[in-house]
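Report on one structure; see the data block that follows.
FYI, it's all coordinate maths here, none of it is from the lab. What you are looking at is a predicted structure, and each value in this text was computed from that prediction instead of being measured. Note that we place each Cβ from the backbone using ideal geometry, even for glycine, and neighbour counts take in every protein chain shown.
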Amino acid sequence: MRKIVVIACLYFFNVLSVKAQDPHFSQFFASPLTLNPAFTGKFNGNFRIAGNYRDQWPTINRAYQTSTAAIDFPILRNKIASNDIWGVGLMGYSDKSAAGAVSFNYISLSTAFHKGLDEEGYSQIGAGFQATYSNMIIDPSNLKFEDQLTPFGFTGVTSETFANSTLKSSYFDMNAGLLYTTSTTDRNNLYVGVSVYHINRPKQNFNSGAEFLINPRSTIHAGGYFGLGQNTTLHLSALYTSQAKAHETVAGGAFEFSTGDPYNPLSLYAGSWIRLNDAIIPYVGIEFNSFRLGITYDINTSVLKTASESRGGLEISLIYLNKKPDSKGVPCPKF
C-alpha cells in the first residue's frame, strides 16, 4: 500500500506535466456546466442548483477528491421570444489530489442562448460561453517521496528540495459549446452537443519557474429520454472526450420508474454506464418533487484494478430544480 501511494503521487505529477488532463465525473449527465457551457439555462424551471462529489481511488490514500456547486437560471423571459431561452450560470469547482497536497480551485461564469427552431420551441439550437478563473496550490510538505519510506512508514527525511514552501499558479480560461435539442412530445427529448474547454490554451506558471500547458479538451456528447409506458422512461447518454493523448468514451442508460402522482411525484432510477477499457459504473437514483439524487460507484476493470482493489470511486450528485407546479414548459435534457 505504501508503494502504491508513492506511485499514485508520481503518476499524478506525470499526468500534470505531460498531458494536463482535467478531472471528470462518471455522472457527466448530472454536471451540465462541466460538460458543456451550452447547457446553461437549458431546463424547464426558474433556477437549477447542482452539486457533485467524487472520491476516486479511495484505497490509494485519498488520491482524487472532486466537488462542484453550481446555479443557473434563464433571464429576460419577457424580453425575448417565448420559444427562445437565454441563461446565465455560476459554478465553483474544487479538485484535490495526493491527500490534499495538490489543490485546484475554479470559479466559472457562463451564459448560453438557445434559439427556437419552431413556434413552440420544441427544437432549439444553442451556443454557450464560459469564463473561468483557476487557482492551483501545491504544498510539498504534504507530499511523500520514496526515500522517506522506512520499515515504520514514511518517517524518513526526503532529499528533495523546493525553492519555495508552497507552489502557486493561477490563470484565466475560456470554454465554449454548441447544443441541439428536439422533442416530438412532452415525453421525449433528444440532444447532441459539442464543447471545447481551454480554448485559449492557458499556461500554469509556478513561482518555482516551472510552466505547464493546459491542452484543449474536446467533447462530443448525446442523449435523450423516451417514454416506454405510462410510468416508465428510458434515459440514455454517451460522450467521447479527448485531451492531449488521453481519450475517454462513456455510454449507458437508466430506467426511470414513476409513481405517476402529480402532486408528490416520485421516481426511482436504476441503470449503468460503461467507461470503455476502464470501468463499469452502476447507477441508482431517486427523484422526489424538485430534488434528484444520484449515486454511482466505479468498478475498475482495467489494469488499475490491482492497485485500486477494483474500487474506482464513489460519486454523488444532487440537483434541485425550482419551478411552478403547473409549469408546462417545453421538454429539456434531463440527464
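The figures follow:
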read-out	value
Fewest-first sequence of LYS323, LYS42, LYS79 by Cβ atoms within 10 Å of each Cβ	LYS79, LYS323, LYS42
ASN46-LYS245 pseudo-label distance in nm [points 7 Å out on the Cα-to-Cβ vector]	5.2
Sorted by Cβ neighbour density within 10 Å, fewest at the top, the residues THR219, THR185	THR185, THR219
Packing-based exposure ordering (other Cβ within 10 Å, fewest first) of PHE39, PHE129	PHE129, PHE39
PHE172 versus ILE220: modelled label distance in nm, points set 7 Å from Cα along the beta carbon direction	3.3
Across LYS168/LYS203; LYS96/LYS245; LYS96/LYS334, pairs whose alpha-carbon gap is larger than 21 Å	LYS96/LYS245; LYS96/LYS334
Loop-resident sites, the stretch 205-287, for trypsin sites (Lys or Arg not before Pro), counting at most 11 other Cβ within 10 Å (DSSP)	LYS245
Where labels lie 7 Å past Cα in the beta-carbon direction, separation of PHE291 and LEU318 in nm	0.7
